Amino acid sequence: QVQLVESGGGLVQPGGSLRLSCAASESINGYAMGWYRQARGQERELVAHIGALGSTVYTDSVKGRFTISRDNAENTVYLQMNSLKPEDTAVYYCNRRPPYLITWGQGTQVTVSS
C-alpha cells in the first residue's frame, strides 16, 4: 500500500515562509498530485495541483504566494509557501488527484501567528 508522509510544517509569523515536503513510498511518476489543507472545523480543500508533466493550478487564495513542484526521481512533491497569512493555518496533506486518491497521510500542521 502506497504511503504518503508530509513534513516541513511549523509555527511561522505572518509574512514568513515554509517549504513542505511529501514523500511517497512508491513512484509518483505518471500521477497528477495535489496539496490539500484542512482548517479546524472546515472541509479539506485543494490548494495546489501539479500534473504528471508539471503543469500547475492554484486556488485563488494562494496564487502568487505558493509554488508546487515535484521530483519524480525522489518520489517527492513540494509546496513552497511564501508571504504566509493567518488564514493559511491548517493541516496540510498531499495525495494523488482523483480518481487515484489513496489513503491520506497524517499531514503536517502549519500555524501562522504572531
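Couplings for the stretch 26-42, taken from phi via the Karplus curve 6.51 cos²θ - 1.76 cosθ + 1.60 with θ = phi - 60°, read 9, 4, 9, 4, x, 10, 6, 10, x, 9, 10, 9, 9, 7, 4, x, 10 Hz in order; Gly and Pro are left as x. Applied to the stretch 100-114, the Karplus parametrisation 6.51 cos²θ - 1.76 cosθ + 1.60 on θ = phi - 60° returns per-residue 3J(HN,Hα) values of 10, 3, 10, 4, 5, x, 7, x, 9, 7, 10, 10, 10, 7, 8 Hz, with x for Gly and Pro. Sparsely packed loop sites in the stretch 10-43 (the trypsin sites (Lys or Arg not before Pro) outside DSSP H, G, I, E and B with at most 16 other Cβ atoms within 10 Å) comprise Arg40. Across the stretch 65-70, coupling constants 3J(HN,Hα) worked out from phi with the 6.51/-1.76/1.60 Karplus curve, θ = phi - 60°, read 10, 10, 9, 9, 8, 9 Hz, and Gly and Pro carry x.
Normalising by residue count, the chain has a Cα convex hull of 92 Å³ per residue. Heavy-atom surface analysis with a 1.4 Å probe gives the chain a carbon and sulfur content of 45 percent of its accessible area.
Put simply, the amide H of Lys85, placed in the peptide plane, has neighbours under 5 Å in Gly15, leaving out anything fewer than 5 places away on its chain. Its Cα centre serving as origin, the stretch 1-98 has a Cβ charge dipole (Lys and Arg +1, Asp and Glu -1) of approximately 140 debye. For the stretch 51-114, the list of trypsin sites (Lys or Arg not before Pro) that fall in a loop by DSSP and count at most 12 other C-beta atoms within 10 angstrom reads Lys63. Spin-label pair Ser25-Lys85: with each label point 7 Å from Cα along the Cα-Cβ axis, the two points sit 3.7 nm from one another. Of the chymotrypsin sites (Phe, Trp or Tyr not before Pro) found in the stretch 14-114, the ones in coil according to DSSP and having at most 15 other Cβ atoms within 10 Å of their Cβ are Tyr100, Trp104.
The values are calculated or read from the model by the stated rules, or taken from the named source; none is laboratory data. Please read all numbers here as calculations on a predicted model, not as lab measurements. Backbone-built Cβ (ideal geometry, glycine too); neighbour counts: all protein chains shown. Just so you know, the surface numbers come from the protein's heavy atoms only, side chains and all, with ligands and any DNA or RNA stripped out. Shrake-Rupley method; radii C 1.70, N 1.55, O 1.52, S 1.80 Å.
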